[in-house]
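In what follows, a single structure is set out as structure tokens and then discussed.
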Amino acid sequence: MQVLHKDFYENKLASASQTRVTMGSARGEIYDATGKPLVQNTVKQVVSFTRSNKMTAADLKDISKKLLTYVTVTSPELTDRQMADYYLADAEVYKKTVEALPKDKRYDSDGNQLSESELYNNAAESITSSQLDYSEDEKKAIYIFSQLNAVENFATGNIQTDPLSDTQVAVIASASKELPGISISTSWDRKVLETSLSSIVGSVSSEKSGLPAEEVDAYLKKGYSLNDRVGTSILKKTIRRSLAREADRQGNPFGQARRHGKCGEYRRR
């Protein structure tokens, strides 16, 4: 049998079977002009989650419950919206909640049904505190669910839990079939060294806080994810902007290290 238009079908197969997944990386370490480190990273093992575009809210709810049997979470802080999202993750519950909304919360003034996002927001706002009376264990699952739900399709995000033991790392790594999208990866904590420049180094956002609220739209347009960590003050924020301008001028990847530094010039390794 002879296949005509071989190149066409090869490209078709490649586009159908390949998916681009975005992952965050550690911020570069900062050195002064003499090569002395100002800021370093401390690497740690964490749970990470890669989201498929086929995963539903119900799937995420199931994964969060199962993952909780492998990790520990201490005193999670939750918002009412996070608990409402968890409550509405069940498709049947969501359907009944929307049907119970008053007419003006489901249709506009012309009688047209509101968009799905508007319906969802109205449904979430209609949830009462009595419906969100969760146990402490359920709140831990909600904490994990909200993190899974914040990861965009085809993106990978780290899930905050208590520090993982070697045993937990091994068990989670071996339970990949039971925990779709879950794996073990490395994360990092920022350590500012005691130097004469410590006071001007600045800070980096945490995975929990993610992108600064006042700049979130601008970051998303540049391809960042909601839980990406970025410089938020003083030197670290200045370096980020400087590197972005350098990438624009020279066409280099964002954050690419320079081989040679000059006195007074920021360097990342």
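The values are calculated or read from the model by the stated rules, or taken from the named source; none is laboratory data. All values derive from a computational prediction rather than experimental measurement. Note: ideal-geometry Cβ built from the backbone for every residue, glycine included; neighbour counts use all protein chains shown.
Here are the numbers for this structure:
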{"quantity": "Meets criteria (in contact with a Lys or Arg (Cβ under 9 Å, 6 or more places away or on another chain) and at pLDDT 95 or above) for residue 154", "calculated": "no"}
{"quantity": "Filter result (surrounded by fewer than 16 Cβ atoms within 10 Å (Cβ to Cβ) and of a type in the set (S, T, N, Q)) within the stretch 41-55", "calculated": "41, 42, 52, 53"}
{"quantity": "Filtered residues of the stretch 113-148 (kept if surrounded by fewer than 18 Cβ atoms within 10 Å (Cβ to Cβ), farther than 17 Å from residue 56 by Cβ and of a type in the set (Phe, Trp, Tyr))", "calculated": "134"}
{"quantity": "Residues located in the stretch 52-106, provided they are among the basic types (Lys, Arg) and within 21 Å of residue 164 (Cβ to Cβ)", "calculated": "65, 66"}
{"quantity": "Residue 147 under 10 Å from the mean Cα position of the chain (by Cα) and not basic (Lys, Arg)", "calculated": "yes"}
{"quantity": "Members of the stretch 56-67 that are buried (at least 19 other Cβ atoms within 10 Å of the Cβ) and hydrophobic (A, V, I, L, M, F, W, C)", "calculated": "60, 63, 67"}
{"quantity": "All positions within the stretch 72-112 that are small (Gly, Ala, Ser), assigned to a loop (DSSP other than H, G, I, E, B) and buried (at least 18 other Cβ atoms within 10 Å of the Cβ)", "calculated": "89"}
{"quantity": "Criterion violated by residue 116 - all others in (1) under 26 Å from residue 45 (Cβ atoms); (2) without any contact (Cβ under 8 Å) to a residue 60 or more places away in the chain satisfied", "calculated": "(1)"}
{"quantity": "The stretch 156-177, residues that are in contact with a Phe, Trp or Tyr (Cβ under 9 Å, 6 or more places away or on another chain) and surrounded by fewer than 19 Cβ atoms within 10 Å (Cβ to Cβ)", "calculated": "156, 160, 168, 171, 175"}
{"quantity": "Pair list, Cβ under 7 Å, 6 or more apart: the stretch 209-227 residue surrounded by 12 or more Cβ atoms within 10 Å (Cβ to Cβ), other residue at pLDDT 80 or above", "calculated": "225/152; 225/155; 225/157; 226/150; 227/150; 227/157"}
{"quantity": "Some residue of the stretch 28-38 being at pLDDT below 65, farther than 28 Å from residue 137 by Cα and not in a strand (DSSP E or B)", "calculated": "no"}
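Listed here are the residues, each with its yes/no results for (1) under 25 Å from residue 54 (Cα atoms); (2) in contact (Cβ under 8 Å) with a residue 12 or more places away in the chain.
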site: 96; (1), (2): yes, no
site: 100; (1), (2): no, yes
site: 111; (1), (2): no, no
site: 120; (1), (2): yes, yes
site: 127; (1), (2): no, yes
site: 136; (1), (2): no, no
site: 155; (1), (2): yes, yes
site: 166; (1), (2): no, no
site: 172; (1), (2): yes, yes
